[in-house]
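Pasting a structure below so you can have a look.
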Amino acid sequence: MGVAVEVRGLRKVFNGVVAVDDVSFEVFEGEVFGLIGPNGAGKTTTLRIIAGMVRPDLGEVRIMGFNPFREEVRVKELLGYLPEEADVYSRLTGLEHLRFYASLYGGSVDETVRYGAEISGLGGDLNKRAGEYSKGMKRRLLLSLVLMRRPRVALLDEPTSGLDVYSSLRVRDLIKRYARENKTAVILSSHNMLEVEYVCDRVAFMSRGRIVAAGTPVELKEKYNAGNLEEVFVKATGG
Ligand code: ATP
């Protein structure tokens, strides 16, 4: 599999606060890569830089070889982004969301809607207004809106935040299966170090803007002689 995302030496400072500091990694096609770390570690800022929404002070990003700040149109076609704070239109039904977004994406609206409905797993609930959905249903709808366009690279900021164990499992399975079937590179962020062990092929631990450890969950547990990724994180940050 080829490299889908390349990140080299990113640095971003907001009013004297170093949000991202010398962050480098690459993500391959079909791979799920997790950016893991506590609040304020720099995960969202890293995703926003990759999406071309925040300009780094230093460093470079390539999405399938393209620069998000110089080749925005090309990169927008390749990229799907689920922000942490994304919300639904409460008066529209789930199906109306799918139709609306599919019409913006171009191509066959019916085919895109059919695929979006399938990956959402919402079934008959798609006919209900999204304002009546539970958090888990909303997150699944929002994720479907991003993925139904079949982006080559998907950036998912806390895709399971606020979800119960059943909804989280559904979303994790959806992400895993989606990445394999479409050879999409997925970069997700999470606080939950145990869940990423299940969904991610490789992870990078972030702390205070820096990557403090990276590798497959198995490699990291061996290297740090740890039973799980929480222990790896504590050891990697010297806690
Ligand atoms: P969380 O898990 O809480 O979402 P995070 O790992 O995604 O955290 P970021 O949101 O990237 O972390 O924040 C990293 C640091 O940068 C924090 O100190 C935050 O306050 C700061 N920061 C992020 N965005 C801005 C901004 N637009 N203006 C000023 N400071 C910012």
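Here, each number is a calculation from the coordinates, and none is a lab measurement. Worth saying up front: this structure is predicted, and the values here are computed from it rather than measured.
More than 26 Å apart: what percent of Cα pairs in the chain qualify? Write out the running numbers ahead of the final one.
Details: 10726 of 28441 pairs.
In whole percent, the share of Cα-Cα pairs in the chain beyond 26 Å is 38.
Here's a follow-up. May I ask which of LYS43/LYS235; LYS12/LYS43; LYS43/LYS176; LYS183/LYS221; LYS43/LYS76; LYS12/LYS223 have a Cα-Cα span longer than 22 Å here?
Details: LYS43/LYS235 20 Å; LYS12/LYS43 12 Å; LYS43/LYS176 20 Å; LYS183/LYS221 27 Å; LYS43/LYS76 20 Å; LYS12/LYS223 30 Å.
Among LYS43/LYS235; LYS12/LYS43; LYS43/LYS176; LYS183/LYS221; LYS43/LYS76; LYS12/LYS223, the Cα-Cα distance tops 22 Å for LYS183/LYS221; LYS12/LYS223.
Continuing with the same structure: Kirkwood hydrodynamic radius, the stretch 99-239, all distinct C-alpha pairs: what's the number in Å? Please report the intermediate quantities before stating the final value.
Details: mean 1/r = 0.0605 Å⁻¹.
Answer for the stretch 99-239: a Kirkwood hydrodynamic radius of 16.5 Å.
Amide H to amide H, which residues 5 or more places from MET64 or on other chains are under 5 Å from it, using H placed in the peptide plane?
Long-range HN contacts for MET64: VAL5, GLU6.
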